[in-house]
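What follows is a short report on a single structure.
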């Protein structure tokens, strides 16, 4: 597998590490490249916070303590998370955060491009801070453990534009997602990516 990767574990794994924002202003997410190519520069948490606050102001919305707690909880995450997992983490920072506020804030965070939304077809959406500076990302989803790997895919923009232009169209959005099976799990019954309870 090439490029950047990180993952999400939906079962038996707590994704809440709310204190890393406080202790580490720029948390290091496991997005190391394996190709040796130069990766896009990382976007700092502070830059993302400023972008989010500016977006709220542009939308005529207030920058509240609850929205900032949701931001801090989201940017403390090292793996993909759901809205419910974010709610649990945000409430550890500010117990006044409501479920409705989380569900209203997530579209604002994706709309300001500080958070990526990932839909793997299970009916539940996953999110990850867009800290890598790389917008061309593909997902490889393991069908056996549901882990989501994010892979740098710099060819996507070129391919999408080339194909669209040949059809007389202009691309608006694109995504590449691969469903895969764990070879080790299929042969031995043990998946190296599956967290044990």
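The values are calculated or read from the model by the stated rules, or taken from the named source; none is laboratory data. Treat the numbers as computed from the prediction; the structure is a model and nothing was measured. Neighbour counts are summed over all protein chains in view; Cβ atoms, including those assigned to glycine, are modelled from backbone coordinates with ideal geometry.
The set of residues in segment 44-98 being under 19 Å from the mean Cα position of the chain (by Cα), part of a helix (DSSP H, G or I) and farther than 14 Å from residue 114 by Cβ consists of 69, 83, 84, 85, 87, 88, 89, 90. When residues in segment 99-128 are screened for being closer than 17 Å to residue 56 by Cβ, in contact (Cβ under 8 Å) with a residue 60 or more places away in the chain and either in contact with a strand residue (DSSP E or B) (Cβ under 8 Å, 6 or more places away or on another chain) or assigned to a helix (DSSP H, G or I) (or both), 1 of them pass. Residues of segment 166-188 that are modelled with pLDDT under 80 and either part of a loop (DSSP other than H, G, I, E, B) or surrounded by fewer than 10 Cβ atoms within 10 Å (Cβ to Cβ) (or both): 171, 172, 173, 174, 175. Tell me which residues, restricted to segment 129-159, are within 10 Å of the chain's Cα centre (by Cα), part of a loop (DSSP other than H, G, I, E, B) and at pLDDT 75 or above. Within segment 129-159, 130 is the sole residue that qualifies.
Being within 23 Å of residue 126 (Cβ to Cβ), surrounded by fewer than 18 Cβ atoms within 10 Å (Cβ to Cβ) and at pLDDT below 95 is the requirement here; does residue 78 meet it? It is false that residue 78 is within 23 Å of residue 126 (Cβ to Cβ), surrounded by fewer than 18 Cβ atoms within 10 Å (Cβ to Cβ) and at pLDDT below 95.
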